[in-house]
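The structure under discussion appears below in the form of structure tokens.
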Amino acid sequence: MTLSSMTGFGRVEGHHGTVAWVYEVRSVNGRSLDLKTRVPSGYDYVERAARDLVKQRFQRGQVSLNLSIQTTEVQTGYSVNHAVLNQYLEVGQGLMQAGQATMPSLDGLLSLRGVIEAASAETDTDVAVLEAPLLADLGAVLEHLKTARQDEGRALFEVLTQHLSAMTDAVDRAEALAAQQTEVIRERFTRRLNELLANGETGADLQERILQEAAVMAVKADVREELDRLRTHIASAHTLLSDSQSQGRKLDFLSQEFMREANTLCSKAAFSDLTKVGLELKSVIDQFREQVQNVE
């Protein structure tokens, strides 16, 4: 079983030196393959590589990729900001001359805001140096997404297979009930013929009316063609579910064909039991088509 969903999520964290990054990628349903990226300025090569890698792995779905990067500063010591210290001394000198302050102590000066600064190592990492590890993690996060979509695909396979089994059951019951159509139509035909005779219609006119009524009722009674096509479509759906290629579009089209035949079956049903089965079949087909929208 190789069915794949279009919904999934992946996340990968990485680092190189003082630079750390996080990739997040998610995908949802889409008629075609569409990629949207958010990467920091200067990392355009990630976006270019993502477009190629996404096309290699996926055929349908709206894929959103986000890359966030943070730089960790490494403190190496402390230094005195002489400019700030001199400003404090100038203000203090005036206060001391005016007798409003005493000579400050060394520890008092050093405790003033801005006098002592933490010195940091150079944190500007060359973007080119990060290219190899970033692209490696890009491939990894897309593989995570692919795995998530395949896991979802396995669950979808089970659900869709159950829907097909329910359709088969409904077609079997409809086929059994269809055998009663002839008797139901015969009773209606006899009743209609009696109505015509009661109205005094005779001769060529009566014969023509009888033939018309018989032709209409005969067409109405025969649902074998619809049931045969439904069985053929169900078999085709099983084949598509096990195909190694993307089959979402074909399954969606097939679900429309399912509904077309079910509608015709309901319109031809001559009695309520067959109509009921036809409506049950339509309900299952609706559920099938809803789930098919998630298939790649």
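Figures for the structure shown
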read-out	value
Cross-chain or 6+ apart pairs with Cβ under 6 Å, the stretch 50-72 first and not assigned by TED's automatic domain parsing to the domain that holds A140 and surrounded by 15 or more Cβ atoms within 10 Å (Cβ to Cβ), then part of a loop (DSSP other than H, G, I, E, B) and polar (S, T, N, Q)	none
Residue check for S27: among the small types (G, A, S), part of a strand (DSSP E or B), touching a Ser or Thr at 6+ places or on another chain (Cβ under 7 Å) and at pLDDT 80 or above	yes
Lone qualifier among S105, S79, S111 - being modelled with pLDDT of 80 or more, over 30 Å from G139 (Cβ atoms), touching a strand residue (DSSP E or B) at 6+ places or on another chain (Cβ under 9 Å) and small (G, A, S)	S79
The stretch 30-69: number of residues that are under 25 Å from L156 (Cα atoms) and part of a loop (DSSP other than H, G, I, E, B)	6
Members of the stretch 162-184 that are part of a helix (DSSP H, G or I), within 17 Å of A221 (Cβ to Cβ) and in contact (Cβ under 8 Å) with a residue 40 or more places away in the chain	A174, E175, L177, A178, Q181, V184
The stretch 255-272: number of residues that are within 26 Å of the chain's Cα centre (by Cα), crowded, with 19+ Cβ neighbours inside 10 Å and either over 13 Å from E290 (Cα atoms) or not small (G, A, S) (or both)	1
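The values are calculated or read from the model by the stated rules, or taken from the named source; none is laboratory data. What you see is a predicted model, and the numbers here were worked out from it, not measured in a lab. Reconstructed Cβ throughout: ideal geometry from the backbone, glycine too, with neighbour counts over all protein chains shown.
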